[in-house]
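Heads up, the thing below is written out as C-alpha cells.
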C-alpha cells in the first residue's frame, strides 16, 4: 500500500480517527465520574449534581462528535475535561465548600485515571481545533467568492 492509498494520510481519515478517539475519551471521562457520583451525593450533594452535569455534557459531546466534525463539539471536548481537571486540582489544594477531606489526596486511583484521560483529551481536542480552523476559514472564503 503506497502512502497515497493509506487512509491515515487522508485528512478525512485522520479526522474520523480523531473523532472516534475523542468519543472514547469523553465517554471515559463521563464513566469515571459516574463511578464516583454516588459517593459525591452522600458527601457533598452539590458536587454530585456537578458530576451529573459533567456526565450529561460528556454524553452530549460524544453524540455531537459522532454526528460530525463540529467545532462546538471539539470546544466542549476541550472545556469539559479542563473544568473537571480544575475541580480535581481545587479539591486537592484549597478544597471546596463542604469538601475539605481530599486536600492533599493526589494518589486516588479514579482521580489519577481521570486526569490521564482528561489530559489526553485536551491535547487531542486542541490539535483537532487547530486543524479545523484553517479548513473552516477556507470554506468561508470559498462561500464568499461563490456568493
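Quick one: if you stick a label point 7 Å off each Cα along the C-beta vector at residue 70 and residue 24, how many nm between them?
It is 2.3 nm.
So what does log10 I(q)/I(0) come out to for segment 10-146 at q = 0.10, 0.18, 0.19 Å⁻¹, using the Debye formula with one equal point on every Cα and no solvent?
-0.38, -0.95, -1.03
Residue 116 to residue 35: extension gain in nm, 0.36 nm per residue of separation minus the Cα-Cα distance?
Additional length available on full extension: 27.6 nm.
Taking 0.36 nm per residue of sequence separation and subtracting the Cα-Cα distance, how much length would be gained by fully extending the chain between residue 108 and residue 130, in nm to one decimal?
Difference between extended and current length: 4.6 nm.
What percentages make up the Cα-Cα pair-distance distribution of segment 12-52 when the bins are 10 Å wide from 0?
30, 33, 20, 14, 3
Only the coordinates and a few stated rules stand behind these numbers; no lab work does. Everything numeric in this text was worked out from a predicted model, so none of it was measured. Backbone-built Cβ (ideal geometry, glycine too); neighbour counts: all protein chains shown.
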